[in-house]
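The values are calculated or read from the model by the stated rules, or taken from the named source; none is laboratory data. This structure is a prediction, so every number in the text was calculated from the model and none was measured. Here the Cβ positions follow ideal geometry from the backbone for every residue, glycine too, while neighbour counts run over all protein chains shown. Each accessible area value is taken on the protein alone, full model and side chains, heavy atoms only, with ligands, DNA and RNA left out. Shrake-Rupley method; radii C 1.70, N 1.55, O 1.52, S 1.80 Å.
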Amino acid sequence: MVVRGPVVALALLGLVPVVLWPDSAGAVAAAWLLGVAVLVAADVALAPAPRSLLLERAPVPQVRLLEETRTTLTVTNPGSRRVRGLLRDAWVPSAGAQEPTRHPLDLPGGERRTVHTALRPTRRGDRPAVGVTVRTFGPLGLGGRQRTTPVPGVVRSLPPFRSRRHLPAKLAQLRQLDGRSAVRTRGQGTEFDSLRDYVEGDDVRSIDWRATARRQHVVVRTWQPERDRRVILVLDTARTSAARIGDEPRLDAAMDAALLLAALASRAGDRVDLVAGDRSIRARVGSGTTAGRSGLLHQLVTAMAPLEPVLLEADWPLLAGAVTSLTRRRALVVLLTPLEPAALEEGLLPVLPGLTAHHRVVVASVADPALEDIRTGTDRVEQTYAAAAAERTESLRHRTAVALNQLGVTVLDESPEDLPVALSDHYLALKAQGLL
């Protein structure tokens, strides 16, 4: 049951008879209020039942974080009575429901209407609907009925992929790399590209004697960085990825770096796989076929969207086993995990020798830019203590990086803005040197 604003005005109107008949003011006021109550009760009783309406929600399109989409709700009146009232489509706050979320309802019997609510999610992941509240009014407009009905719905907010602005420049570097003659040299780990005439300075080991005999002049083979290599991205979703860097967790920044490298590697003709997990495997994406490669980014962002950090330690033997199960060939394995000494020394270091024996391993860590500011802030006594703690933290991180380097692992420890570029540059450098 709901009571509307006109009831207050109607009750205050009862002051007029009280003033006209002051001798029996109490009885007049009681009679007036009783009459108002009877009118409200009658209006509520005559109001259509909200449960009689049929509510159906269309699937909500996926959208990138902070971009806008909308949800469509269909309201059907199967009865013969006209329904007037209000409808509110409620979502969790992080779904970013935009005003107006309350929609006027005027629905004749046997008809249907659609209402739209704009959504602009402020958090990545699946943002569910809370429920649909329908308030119907009686013929007098004094009161009505209200009911909240759960209507399932969810909007999936995809990772924003902010680093995609760097992709054109990296693709240009990749095209330059493929066309650079200095790279097209004979050597282990490269593949045949084409034949050309011999020029002074060419390696005689690149001479193709059969082609030379056919053409009657010396011909050499040219080589290019190998294609169809394997790039395996391992995304750590354990407790260390929950630390916030600026306005987002480390996990989101690691996703951004992974997406840029995946887009670049897939355009280079390499196969990209993603494994995300902590104590269990949370997501697994592969690009084993050409069709899979063409939709790789869509598969990746869809798989990453619902991932959230869990307050557990990562099971690195499990994640290493997932990498081993993907391929027996040598691959580039990128471990997107924070460079946290305690977590890595106890969990990752023991399994690294098995990975580095078969693969080229890179640890990509999201560094906190605020740590450098704390290290240099010594104006007050409190800042001095904080600077000493930050210096100690940086020293431990450096020690862990050195230990990883000694095992043959490349460590990239960069800020959220710089890590995607640094990781892509490292990939291109490996391509240029024929090491991938």
Protection proxy (average C-beta count within 10 Å per residue), highest first, orders 229-242, 93-106, 360-373 as 229-242, 360-373, 93-106
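Using +1 on the beta carbon of Lys and Arg, -1 on that of Asp and Glu, and nothing else charged, what's the dipole of segment 19-150 about the Cα centre, debye to 20?
It comes to approximately 500 debye.
Taking only protein heavy atoms and a 1.4 Å probe, what accessible area per residue, in Å², does segment 333-436 have with all protein chains in place?
Computed with neighbouring chains in place, this is 46 Å² per residue.
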Out of 118, 422, 37, a Gaussian network model of the chain with alpha-carbon springs under 10 Å gives the largest mean-square fluctuation to 37
Ranked by GNM mean-square fluctuation in the chain (Cα springs under 10 Å), the top entry among 126, 252, 208 is 208
In segment 3-129, taking the dipole from +1 charges on Lys and Arg beta carbons and -1 charges on Asp and Glu beta carbons about the Cα centre, the listed residue (122, 80, 5) farthest towards the positive end is 122
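With runs of 4+ DSSP H residues as the only contributors, calculate the mean residue ellipticity of the chain at 222 nm using -39,500 (n - 2.57) per run, divided by the residue total and rounded to the nearest 500.
Result for the chain, helices only: -10500 deg cm²/dmol.
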Here the gain from full extension of residue 381 to residue 311, 0.36 nm per residue of separation minus their alpha-carbon distance, amounts to 21.9 nm
Checking 388, 305, 262 against a Gaussian network model of the chain (alpha-carbon springs below 10 Å), the top fluctuating residue turns out to be 388
Quick tally, 1.4 Å probe accessible area for 427, 198, sorted with the most first, runs 198, 427
For the chain, the percent of accessible surface on carbon and sulfur atoms (probe 1.4 angstrom, ligands and nucleic acids excluded) is 55 percent
Result for segment 1-132: accessible area per residue, probe 1.4 angstrom, in square angstrom, of 56 Å²
Taking a ≥ b ≥ c as the square roots of the eigenvalues of the Cα gyration tensor, with a/c under 1.5 meaning rounded and otherwise prolate when a/b exceeds b/c and oblate if not, segment 267-378 is prolate
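Checking the a/c ratio against 1.5 first, then a/b against b/c, what shape does the Cα gyration tensor give for segment 391-436?
It is oblate, given that a/c is not under 1.5 and a/b is not larger than b/c.
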For residue 91, the residues 5 or more places away or on another chain with a placed amide H closer than 5 Å to its own amide H are 130
